[in-house]
Amino acid sequence: MKKKVIWLVLSGGMVLTLLLSACAPAVVEQEKKAAPKEVVTPKEEVVTPKEEAVAKEVVVPKEEERFVKWTGKKLDGTVVEKMIEKPKYGGIVTFVKLEDPARGWSRTTHFFRGHTWAYFMTNDALYQHDRWRGPAGTGEYSGLYNVELPVDLLAGGLAESWEIQPDTITLKIRKGIYWHDKAPTYGAQLTAEDVVYSYVLGYSAKSTWPTAYPYISNLKNPAESIYVDPDDPWSVVFKTDPQFAALLWERLGTQVIMPQVLGDPDGTGPDTWDWKTISGTGPFIMKDFIAASSLTYRRNPNYWDHDPFFPENQLPYVDGVKVFIIPDRSTQQAALRTGKIDVLAEIIDEEWESLMRSNPELKWQPSWLEGWALQMRHDVKPFDDVRVRRALAMAIDQDSIVKDYYRGKAEKFYWPPFPIPEHQRMYVPIEQMPQSVQELYEYHPDKAKQLLAEAGYPNGFKTSIVLNSAQQEWIDLSTIVANHWAKVGVDLELQLKAPAVFASMARQNTHEQGMWATVFMTAPIKFTEARVDSQNNHAMMNSPVVEETLAKAAAAYFDPVEFARIHREATPKLHEEAPFFIMPIPQVYTLWQPWLKGYEGEFKPMRKREEEAISYYIWIDQELKKAMGR
């Protein structure tokens, strides 16, 4: 591939054209598959306009301006126009989590093992999603999935620009960003040394990074691979091996930056961090933490970022964020019904119907869950024979699972790309696949029997799969598959294991035949469920197609067009091997209160970021909330 140098410079902008209309609707209508009733807003707040009555030359007093007309272009040149309501400041946005931050707050139990959601409220990363390209803008990513965004859909965070070369990534750190005005940072300015400190600490002796993310060139002495550019005190240099450049780049986007005043960059001193000492450059400042109850954040009045659609507006809009810890799902839904929380994600179909019956005013957005698959070992008989794998793929009635188990709300074909906006350039629907792939997702028991006979199993065989006993949906689907396979003579035994036992077997891959496991949306670069050296390769695959595609994709990572082409070309080859038995992905929903504005249902705008990645630009229509009695 021709090597390229890529620069992002955030000096450009888009022209916002004001549409002076007090008659525009308060909520942009969203596409829905069902038709729940919309909230009835007081007539004095919303007036349904007649299209012909809105003339461009009409001048309306500024105090009545409520919307702007935003016009932008997608990467392919398509023009997108939207009406965006002007935000207002104030209010508290409320979320819910099942449990406290998983690894606590200390350095050794948290920072060394990867971040949890709580830190992204208070600390920024080097780059972030480009909101112009998201659901509020051109819609080129949805913000609903645990995926890495292509380079051309990213914007600067603490880094205002970057240069990517085969063995070096250099990031220009933005000037004029300040740490929270609290101990131990007291409002000091962010420096390039802070960035170096964070990464050297991450790769220190006690950390898991050297084995989990071995992407820098010198793991024994991280300071030789991560340092301030001697020619520019505001640039940080990361040295890497060309084969790891893409993986290192992804790591840079998920790692938050910590202040060097926390000390101990080698990670060898006493561990003194706790939630009170956490200080960042992010939109919110930690105010309180009550274990098993709640986390409270207040607005950072000195936050550096502004709303790209309203450049004069400093972010965030809300006065603070409250995160309730509610482990019980029914209690979470009750909190949404009564307006105690503003957003609830990953609602299954039956729950969604119930909530829409009781609260038809709720806004909602559908999405897909990550994939699941029965992963049978390729290194033992009988699944070492591709004919056996293809036979049993055709022995599963996928369409009946979609229709009967998921009531039609599921997708049966995906991987490595998924049918999501973030993968739109690389995903190819099954209708465009060759017949050799299409038949694997159709029900052909006669062909299955014929292939089994050709492979030496005319009377079938007995096999087994390991399941997590706490995952009822896995058990249900495996039971369905067992019934389908029984019709072609294959006896599938379900081996239910306690969650801890199952997790141990998954880590060590000690299953005899098969294991139920996740098919990750991040596969287009990592192939975590299929790569030879991956712990998540429960099928024990050793596929030349996988390894070749992985190498090509890594080399083309910073060329999104070529990267997408490689995946489109590889997808049919990968599926023809019937690597594992993919199960349909069900549709789930994100629901939110109608007073939550500037929000389109985003749940994971960037990988590993959830509520923290939306809370800085959403706003609360407090007048509407009051009118609804909340």
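The values are calculated or read from the model by the stated rules, or taken from the named source; none is laboratory data. All values reported here derive from a predicted model rather than from experimental measurement. Virtual Cβ from ideal backbone geometry, glycine too; neighbours counted across all protein chains shown. With ligands, DNA and RNA removed, areas are computed over all heavy atoms of the protein, side chains included. Shrake-Rupley method; radii C 1.70, N 1.55, O 1.52, S 1.80 Å.
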Using all Cα-Cα distances in the chain, what percent lands in each 20 angstrom bin from 0 up to the longest?
17, 50, 30, 3, 0
I'd like the Karplus ³J(HN,Hα) series for region 486-497: coefficients 6.51, -1.76, 1.60, θ = phi - 60°, whole numbers in Hz, and an x wherever there's a Gly or Pro.
4, 6, 10, x, 9, 9, 9, 8, 8, 9, 7, 10
Report the label-to-label distance for residue 241 and residue 504 in nanometres (one decimal), using points 7 Å from each Cα along the Cα→Cβ vector.
3.3
Between their Cα atoms, which of 497/526; 97/412; 182/276; 276/597; 322/597 are more than 19 Å away from each other?
497/526; 97/412; 276/597
Any residue on another chain or 5+ positions along whose placed amide H is under 5 Å from the amide H of residue 293 is listed here as 325
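On the accessible surface of the chain, probed at 1.4 Å, how many percent belong to carbon and sulfur atoms?
Carbon-and-sulfur percentage of accessible area, whole number: 52.
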Result for the chain: accessible area per residue, probe 1.4 angstrom, in square angstrom, of 42
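Calculate for the chain the 222 nm mean residue ellipticity that helices alone would give, adding -39,500 (n - 2.57) per DSSP H run of length 4 or more and normalising by residue count, nearest 500 deg cm²/dmol.
It lands at -6000 deg cm²/dmol.
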Distant-in-sequence amide H partners of residue 516 (H built 1.01 Å from N, under 5 Å)
375, 466
A chain fully extended from residue 379 to residue 487 at 0.36 nm per residue, minus the present Cα-Cα distance, gains in nm 36.4 nm
For region 236-302, which trypsin sites (Lys or Arg not before Pro) are in a loop by DSSP, counting at most 14 other Cβ atoms within 10 Å?
276
Residue 221 to residue 471: FRET efficiency via 1/(1 + (r/R0)^6), r the Cβ-Cβ distance, R0 56 Å, to the nearest 0.05?
0.80
Skipping prolines and chain starts, which residues have an amide H placed within reach, meaning under 5 Å, of the one on residue 306, given they are 5 or more residues away or on another chain?
315
Roughly how tilted is helix 544-555, in degrees to the nearest 10 and between 0 and 90, from the longest Cα axis of the chain?
20
Would you mind computing, in nm to one decimal, how far apart the modelled labels at residue 206 and residue 232 are, each placed 7 Å from Cα along Cα→Cβ?
3.5
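Starting from 0.36 nm per residue, how many nanometres of slack lie between residue 627 and residue 193 once their C-alpha separation is accounted for?
Taking residue 627 through residue 193 to full extension adds about 151.3 nm, to one decimal.
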Once both axes come from the Cα atoms, what is the angle between helix 445-454 and the longest principal axis of the chain, in degrees from 0 to 90, rounded to 10?
60
0 to 90° range, to nearest 10: angle between helix 560-576 axis and the chain longest Cα axis:
30
